[in-house]
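The values are calculated or read from the model by the stated rules, or taken from the named source; none is laboratory data. Note that this is a predicted model, so its numbers are computed, not measured. Note that we place each Cβ from the backbone using ideal geometry, even for glycine, and neighbour counts take in every protein chain shown. Areas reflect the complete protein model, heavy atoms only, side chains present, ligands, DNA and RNA absent. Shrake-Rupley method; radii C 1.70, N 1.55, O 1.52, S 1.80 Å.
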Amino acid sequence: MSITDKINSQIIVDNDLYPSYIGRTLNIEITSQCNERCIYCQYYAKGSHKNKRVIDDEFFYRITKEAYDLGITDVGLYITAEPLMNPKVYDYVHYLKHIIGFKYVYISTNGILLTPKNLEKLAAAGIDSIKFSVSGSNPETFEKHHGINAFSRVYENIKYAYQYRKEKNLNYKLYMFSILTEFNKNEKKEIEATYGPYVDELVISNVIANRSVKGVKEYLCLKEEDYSITHDLVGKLPCKSLFNRITINEKGDLLACCFDVTSNLTVIADLNNTKLKDAVYSKEFVELRRKHIENKIENTICNFCLRGIKENIYSMVDNMNINSSKIQEIDLSSEIKSRFDIV
């Protein structure tokens with residue numbers, strides 16, 4: 001399934017308080033680490049990538065089997081970080097494909113660690129697709145957006161992934177997702193020409209400003225509307241993530257979505273102590289879905305995410321009352337101005 005097809009499949013969903021997960025997707029974080037400093041990334045801004053956590057093996061094997069039993073068919077081994085920073089990723093792909101039997105297993109990577117050796121290990125494990133996240137068509141733009149001088153490495157790794165597939169007559173898919181900002185918006189054709197020949201689909205989308213990170217909207221968001229393939233998923237009720245996707249972090253928490261992973265405000269349940277089926281149909285998750293369907297999301301983090309409203313925010317679980325002032329709001333303006341030489 002292409003990136004566009006997967007996005008479109010998320011748009012159409014029955015607003016069922018107890019949704020079926022047959023044919024749906026699990027996104028599970030296998031590490032909190034990332035080796036880039038993308039200027040538009042809220043997780044980099046909030047420092048969540050500095051936590052050198054990796055998922056517990058026993059937990060991973062148990063919870064993915066429970067996801068399979070729920071009807072999940074697709075597994076993405078990432079949420080906010082770089083999955084190749086967990087050396088067990090190859091074992092995990094093999095387990096999901098050849099031991100459990102998931103239909104579709106994929107990763108999203110910045111490409112730095114997808115060396116020829118690692119690409120071959122992923123292919124041997126049975127990976128179905130690899131999505132690259134790259135937002136620069138030359139070394140200068142790449143470094144400004146990703147915060148690291150790695151353009152050549154990434155470019156050569158992408159080419160090798162394509163050439164190896166062709167040489168060995170393999171069938172894993174190669175995709176790319178690029179973010180447009182005010183500082184690379186004129187590079188669309190260059191991005192397509194540079195990477196297009198080596199991937200099956202290249203999707204370009206406008207940068208989206210996160211309400212908890214200052215500076216992105218002011219300096220990076222396009223001043224004139226261009227285009228974005230995510231416009232039908234962002235900022236609308238009900239949020240589709242609550243109905244058609246399961247999101248689990250590397251600590252073992254079931255999350256309502258991937259927004260603000262640095263706090264407990266999106267946590268539905270601790271899966272280290274709870275069965276997945278019980279958690280996705282828990283009273284907390286059902287009530288949150290009801291609030292979205294009825295457009296009554298006051299005092300939830302969803303109201304801050306979708307509408308920017310600062311108020312008393314209650315966690316999804318009992319016995320926690322967290323004021324919105326405790327949401328970690330980061331001002332990235334100075335770093336943005338420094339990287340892009342804004343006076």
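When residues in segment 113-123 are screened for being open to solvent by 10 Å² or more (accessible area, probe 1.4 Å) and either touching a helix residue (DSSP H, G or I) at 6+ places or on another chain (Cβ under 8 Å) or polar (S, T, N, Q) (or both), 7 of them pass. Quick one: count up the residues across segment 190-203 that are touching a Lys or Arg at 6+ places or on another chain (Cβ under 6 Å), outside any helix (DSSP H, G or I) and either open to solvent by less than 30 Å² (accessible area, probe 1.4 Å) or among the aromatic types (F, W, Y) (or both). Summing the residues that are touching a Lys or Arg at 6+ places or on another chain (Cβ under 6 Å), outside any helix (DSSP H, G or I) and either open to solvent by less than 30 Å² (accessible area, probe 1.4 Å) or among the aromatic types (F, W, Y) (or both) in segment 190-203 gives 0.
Does N299 count as at pLDDT below 95 and not in a helix (DSSP H, G or I)? Here the answer is yes, as N299 does meet what is asked. Residues in segment 244-278 that are at pLDDT 85 or above, over 17 Å from the mean Cα position of the chain (by Cα) and of a type outside the set (A, V, I, L, M): D270, N272, N273, T274, K275, K277, D278. Selection of first residues in segment 330-343 that are touching a residue at least 12 places away in the same chain (Cβ under 8 Å) and of second residues that are among the basic types (K, R) and open to solvent by less than 30 Å² (accessible area, probe 1.4 Å), restricted to Cβ pairs under 6 Å at least 6 apart or on distinct chains, gives the following pairs, ordered by first then second residue: I330/K46. Being buried (at least 21 other Cβ atoms within 10 Å of the Cβ) and not polar (S, T, N, Q) is a property that holds for Y40.
Residue by residue through segment 334-343, note down the ones that are part of a helix (DSSP H, G or I) and over 10 Å from I39 (Cα atoms).
Within segment 334-343, S334, K337, S338 meet the criteria.
Applying the criterion of at least 1 residues that are farther than 27 Å from Y43 by Cβ and without any contact (Cβ under 8 Å) to a residue 24 or more places away in the chain to the helices (runs of 4 or more DSSP H) found wholly in segment 116-179 leaves 116-125, 151-168. The lone criterion from (1) modelled with pLDDT of 95 or more; (2) closer than 20 Å to T109 by Cα; (3) in contact with an Asp or Glu (Cβ under 9 Å, 6 or more places away or on another chain) left unmet by D57 is number (2). Among the conditions (1) open to solvent by less than 10 Å² (accessible area, probe 1.4 Å); (2) touching a His at 6+ places or on another chain (Cβ under 9 Å); (3) of a type in the set (A, V, I, L, M, F, W, C), V75 misses just one, which is (2). The residue pairs whose first member lies in segment 202-223 and is free of Cβ contacts under 8 Å to residues at least 24 places away in the same chain, whose second member is charged (D, E, K, R) and assigned to a helix (DSSP H, G or I), and whose beta carbons are closer than 8 Å, counting only pairs six or more residues apart or on different chains, are A209/K217. Give the residues of segment 245-296 that are part of a loop (DSSP other than H, G, I, E, B) and among the basic types (K, R), sorted by residue number. Those that are part of a loop (DSSP other than H, G, I, E, B) and among the basic types (K, R): K251, K275, K296. In segment 60-105, the residue that is farthest from F243 (Cα to Cα) out of those that are in contact with a helix residue (DSSP H, G or I) (Cβ under 8 Å, 6 or more places away or on another chain) and either of a type in the set (S, T, Y) or modelled with pLDDT under 95 (or both) is Y90.
State all residues of segment 287-311 that are within 16 Å of N210 (Cα to Cα) and open to solvent by 60 Å² or more (accessible area, probe 1.4 Å); if no residue qualifies, say none. Hits for segment 287-311 are R307, I309, K310. Count of segment 206-227 residues, restricted to those that are within 15 Å of S135 (Cα to Cα) and either modelled with pLDDT under 90 or open to solvent by 30 Å² or more (accessible area, probe 1.4 Å) (or both), is 2.
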